[in-house]
Each structure stands twice: as C-alpha cells, then as structure tokens.
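Asks: Here it is, the structure, as structure tokens.
The values are calculated or read from the model by the stated rules, or taken from the named source; none is laboratory data. Everything quoted here is computed from the prediction, not taken from an experiment. Positions of Cβ are backbone-derived with ideal geometry, glycine not excepted, and every protein chain shown enters the neighbour counts. The protein model used for the area step is the full one, side chains on, heavy atoms only, and it has no ligands, DNA or RNA in it. Shrake-Rupley method; radii C 1.70, N 1.55, O 1.52, S 1.80 Å.
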Amino acid sequence: MTDFNWTRDQFHLPQGMIYLDGNSLGPLPKMAPARVMEMMENEWGEQLIAGWNASGWMAQPTRVGDRIARLIGAEKGHVVMGDTLSIKVFQALAAALKLNPDRKVILSDSGNFPSDLYMAEGLVNLLGNGLELRIVAPEEVEDAITDEIAVTLITEVGYTTGRKHDMAKLTAKAHEHGVITVWDLAHSAGAIPVDLAGAGADFAVGCTYKYLNGGPGAPAFIYVAPRHAKTAQPALAGWLGHARPFAFEQGYDAGKGIERMRVGTPPVLHLTALEVALDVWDKVDMADVRARSIALCERFIAGVEEHCPQLSLCSPRDSDLRGSQVSFRFEHGYAVIQALIADGVIGDFRAPDVMRFGFTPLYTSEKDVDEAVGVLTRILRGALWDRPEFLERKAVT
Ligand SMILES: *Cc1c(COP(=O)(O)O)cnc(C)c1O
C-alpha cells in the first residue's frame, strides 16, 4: 500500500494553500533544492566537462526514461527524455507518418491541447504532399478511424474536461485499420495507470512538470514501441541521436533504438530535479493513486453539487471515463477562480468558462477537498468574486 502521509510530507506546500493545480504544475519535492545544489557544486562546479562521463550526465535521459517507463507501462529501454512536449509531439508524429507513407490523414480531436494541433498543422504545412489534419469531436474518434487514416494523434485525458479515451480500444481499432497511434500522456503520466505495452501503443509522449512534479519546464519524454525502434526515422536528426555522436561524422546515422529520439544536449540540472521527484514515485503504486484520485474527485463533485448549484459539471460523471481532474462551467468562472486563489485555493481557468481542479493524491487530502468546497461555497453565496480585481485577465490563467 502506498503511504500517502509519507508522500505528502515529501513536498513543499506553502502554508495555508490548498493546491488543486498539480495538473498544470506539480509542487516542489523537498529534497530537490539540496540535490540540485549538490549537483551544481560537486558535479558542475568541480568536474566541469568531466561530469558528462564521471557523473553519468550523458546517460541521464535514458536512465530517467526507464524510471518513467514503469509509470506508463512501457518496456525498459524504450523511453527517453528531452526537449518540450510540443517538440516531442512533432517528433513522434513525423516518425509515425513515415511508417505509413501511403496515407494522408492525421486524425485528432477537438478536445486535444492546442499545441498538439498546432504542431500537427505545422508539420502538415511543412510536408505538404496532400497531407491533412482532420479534427473530430472526442466522441467521434472511434468511428473516424478508417483505412484512410495514417496516424491518430490523441491526448488520452483531455485538458479541459478531463474526459478519458479508451487507449486499448482505440489502439486496437487503429491497428485493425493499419493506423499508427501517437498517444499524448500529458494528463495521464502520474495521474492514472497507463499500460502502453498492454495497449500496443506505437508512440507516446508526455511532460513531467504536471502530475510527475519535475518542476516548471522539466523535460518531456517519448516512447517508441520496440517493434518500431529500428525503423522509426527521427525527423529531428540531432547529433546526440546519432549512432556515434563523438565520431563527428558528416552524415547522419540514426542511433540504436530509443537513443535516436535524442536531439541535443540534455538539460542536466532539470533532469536532476526530476530524478528527485521520481524518488517519491518509486514508492508509489499507481493503482493506489487511481483509487484515491477517484475518491477525491467524487468527494469534490458531491460537495460542489450540494452547495454550489450555480456551477455545472462538465467532466464525465463516470470515473472510468475521467482522468484526475474535475471541471465545472460557470459564466463568471474566471473571476471565481481569482477569488479562490486570493483565498488560498489554487485551481485554474480555461476559456471560455471552465474552472479546473486537479486532484493529486500524493499531496492532496480529503480535508483539502472539504475546505476547498467550503471556500468555493462562501465565494458563490456572497458573490465575493464580483470585484474589479478579480475580473481583470492575467497573462497566464
Ligand atoms: C501541457 C500540455 C502541453 C504543453 O506542451 P509544452 O511543450 O510542454 O509546453 C502539450 N500538450 C498537452 C496535451 C498538454 O496537456
């Protein structure tokens, strides 16, 4: 059994704050500052260039990738870290399209995060050649998987409502029709159990600063199924994805397996912070996280529906169809979120009217949920959100 009192104690949570935004940025692991400082002083400071060998910096992207692999049901040796998620989406999509060269359609859904759609659009424009990005409603994805589709680019858990796709079912249908799958796990990794190998996923990507708590801008990950490891062509042919980077050859020769999905110099400081976060995850069972996440989400939904009739649930009510977040719609949602933040309850807002609350069992308790419902109730009953300072839009919502 996962000890959630222990996990909660591993994070710095500011006094008086109820943090329901771990789906956007996870909190600071208490051990991270000392470890990063030690790395800077003893490794960077003392070893300088020798640190690449002496401290294992060069192997860090695959070493960390293997630790992520456990959390997403990936085979060891098939996940590597680097770059940002948007870049990894591009990289996976480009490689996937190459595996299905006779087809012209990328299928995604309107619930996907805009950056994924923009990256796909950019790739379509770059490659030309009659390629098309087709966007359907999330409920229509299954029917839209046909022999015409080259690649599906689907985010398993949608960022606005937390709606969850059935990865195993959609992947099976895709394969029946000769379609390659790219799964975005931004709101899955560390949020729900994922079984990439079991589902037979072809490619997957995700970020580490949300549920995994790697810190703002922590590097992304990419997974390539073992059956594609030797054939997937890396469109971003950087030197560290080369078979022999230190031979400094003129021509590109893709590295072995997942190594070819590396691009350039890894962010060692940030990978070091992420490793501290993964030390916590090493002691966590994803089945326990899921059970507790469902309990917290259901408690929040029940409390809000009882006390805040102004809000309407826009997440799936059935927890099997939902990730680890709950969203409600309200016309004045932006101002309500600002009023909540001013009162120490941190959620976020997604245009036009969605109030989002992430539930992260590693550091969120039932008491947090009850207190958040209490504050929200007070703000709505007294219309405390209706003040000029809460209506003014900030750059990051
Ligand atoms: C958070 C998120 C991103 C963000 O991409 P970055 O390149 O890390 O900024 C992309 N896609 C999805 C689905 C996300 O949820």
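Asks: Mind listing which trypsin sites (Lys or Arg not before Pro) in the range 194-252 are in a DSSP loop and have 11 or fewer other Cβ atoms within 10 Å?
Replies: Numbers: sites: K210, R227, K230; in loops: K210, K230.
Counting only loop positions with at most 11 other Cβ atoms within 10 Å, the trypsin sites (Lys or Arg not before Pro) in the range 194-252 are K230.
Asks: Would you pull out the residues with amide H under 5 Å of V136's amide H, same chain only if 5 or more places away, H placed 1.01 Å from N?
Replies: Distant-sequence amide H within range of V136: S108, D109, S110.
Asks: Still on this structure, please answer the following. Relative contact order for the range 33-281: what percent, with Cα pairs under 8 Å and sequence separation of 6 or more?
Replies: RCO, the range 33-281: 24 percent.
Asks: So what's the gap between the Cα centers of the range 166-187 and the range 80-135, to the nearest angstrom?
Replies: First find each Cα centre; the distance between them is then 14 Å.
Asks: Give me the one-decimal nm value for the distance between modelled label points at A237 and A59, 7 Å along each residue's Cα-to-Cβ direction.
Replies: So the label points at A237 and A59 sit 2.9 nm apart.
Asks: Next up: Take the Cα coordinates of the range 33-281, assign each an equal point scatterer, and use the Debye formula without solvent to give log10 I(q)/I(0) at q = 0.12, 0.13 Å⁻¹.
Replies: Log-scaled intensity ratios, in q order: -0.67, -0.78.
Asks: What are the ³J(HN,Hα) couplings of the range 98-113, residue after residue, when phi is run through the Karplus curve with 6.51, -1.76, 1.60 and θ = phi - 60°? Round to Hz, x for glycine and proline.
Replies: Ordered by residue, 3J(HN,Hα) equals 4, 7, 9, x, 8, 10, 10, 10, 9, 9, 9, 10, 6, x, 6, 5 Hz.
Asks: Just the accessible area for F248, please: 1.4 Å probe, Å², rounded to the nearest 10?
Replies: Result for F248: roughly 140 Å² accessible.
Asks: Spelling out what I want: for every residue of the range 184-191, take phi, set θ = phi - 60°, compute 6.51 cos²θ - 1.76 cosθ + 1.60 (Karplus), and round to whole Hz; glycine and proline get x.
Replies: Each residue of the range 184-191 in turn: 9, 9, 3, 10, 10, 4, x, 9 Hz.
Asks: With the full set of protein chains in place, find how many percent of the accessible area of the chain is carbon and sulfur; take the probe as 1.4 Å. List each step's numbers first, then the result.
Replies: On the way: 9250 of 16910 Å².
Answer for the chain: carbon and sulfur cover 55 percent of the accessible area.
Asks: Continuing with the same structure: Can you list the lysines whose alpha carbon sits under 27 Å from that of K164, skipping same-chain ones fewer than 8 residues off?
Replies: K76, K88, K104, K173, K210, K283, K367
Asks: Can you work out ³J(HN,Hα) from phi for every residue in the range 379-387, in order, using Karplus 6.51 cos²θ - 1.76 cosθ + 1.60 and θ = phi - 60°, giving whole Hz and x for Gly and Pro?
Replies: Working through the residues one at a time gives 5, 6, 4, x, 6, 5, 7, 7, 9 Hz.
Asks: R0 = 51 Å: FRET efficiency of R329 with A197, Cβ-based, nearest 0.05?
Replies: Computed FRET efficiency for R329 and A197: 0.85.
Asks: What distance in nm lies between label points placed 7 Å from Cα along the C-beta direction at K230 and M37?
Replies: 5.0
Asks: Follow-up question, since we're still on this one. Order of 323-331, 366-374, 42-50, 158-166 by packing, highest average Cβ count within 10 Å first?
Replies: Result, highest mean first: 323-331, 158-166, 366-374, 42-50.
Asks: For K394, list the aspartates and glutamates whose Cα falls under 20 Å from its own Cα; do not include residues on the same chain fewer than 8 positions away.
Replies: List returned: D21, E331, D343, D348, D353, D386.
Asks: If you filter the range 191-289 for GluC sites (Glu not before Pro), then keep DSSP loop positions with at most 14 other Cβ within 10 Å, what is left?
Replies: For GluC sites (Glu not before Pro) across the range 191-289 that sit outside H, G, I, E and B with at most 14 neighbouring Cβ atoms in 10 Å, the list reads E249.
Asks: Test of the criteria: in the range 93-197, which GluC sites (Glu not before Pro) are in a DSSP loop and have at most 10 other Cβ atoms within 10 angstrom of their Cβ?
Replies: none
Asks: Nothing charged except the Cβ atoms of Lys and Arg (+1) and of Asp and Glu (-1): what's the magnitude of the dipole of the chain about its Cα centre? Round to the nearest 20 debye.
Replies: With only Lys, Arg, Asp and Glu charged at Cβ, the dipole is about 460 debye.
Asks: Report the extension gain between E176 and K76 in nm, rounded to one decimal, defined as 0.36 nm multiplied by the number of residues separating them, less their alpha carbon distance.
Replies: 33.4 nm
Asks: Using the Cα centre as the reference, give the magnitude of the dipole from point charges on the C-beta atoms of the range 212-273 (Lys, Arg: +1; Asp, Glu: -1; all else neutral), rounded to the nearest 20 debye. Display every interim value, and only then the final one.
Replies: Working: 6 positive and 3 negative charges, 39 e Å.
Dipole size: approximately 180 debye.
Asks: Also, I was wondering about something else. Could you please report the charge total around T62, scoring K, R as +1 and D, E as -1 over all other residues with beta-carbon less than 11 angstrom from its beta-carbon?
Replies: That works out to +3.
Asks: In terms of modelled amide H atoms, which long-range or inter-chain residues lie less than 5 Å from the amide H of L28?
Replies: Result for L28 returns H12.
Asks: Tell me the net charge near I258. Cut-off is 11 Å between Cβ atoms, I258 excluded, with +1 for each Lys or Arg and -1 for each Asp or Glu.
Replies: Working: positive: K76, K230, K256, R260, R262; negative: D66, E75, E259.
Neighbour charge sum, excluding I258 itself: +2.
Asks: Still on this model: Pull out the extension gain between D166 and R350, defined as 0.36 nm times the separation in residues minus the alpha carbon to alpha carbon distance; nm, one decimal.
Replies: Numbers: separation 184, 0.36 × 184 = 66.24 nm, distance 2.39 nm.
The span from D166 to R350 would gain 63.9 nm if fully extended.
Asks: Tell me, what is the FRET efficiency for Q250 and E121 to the nearest 0.05, using R0 = 35 angstrom and their Cβ-Cβ distance as r?
Replies: 0.60
Asks: Now, a different point. Can you sort M58, M286 by 1.4 Å-probe accessible area, starting with the largest?
Replies: Largest to smallest exposure gives the sequence M58, M286.
Asks: Rolling a 1.4 angstrom probe over the protein heavy atoms, how many square angstrom per residue are accessible across the range 141-246?
Replies: With the other protein chains kept in place, the range 141-246 gives 31 Å² per residue.
Asks: Quick check: residue separation of R381 and M17 times 0.36 nm, minus the Cα distance between them. What number comes out in nm?
Replies: Full-extension gain reported as 128.9 nm.
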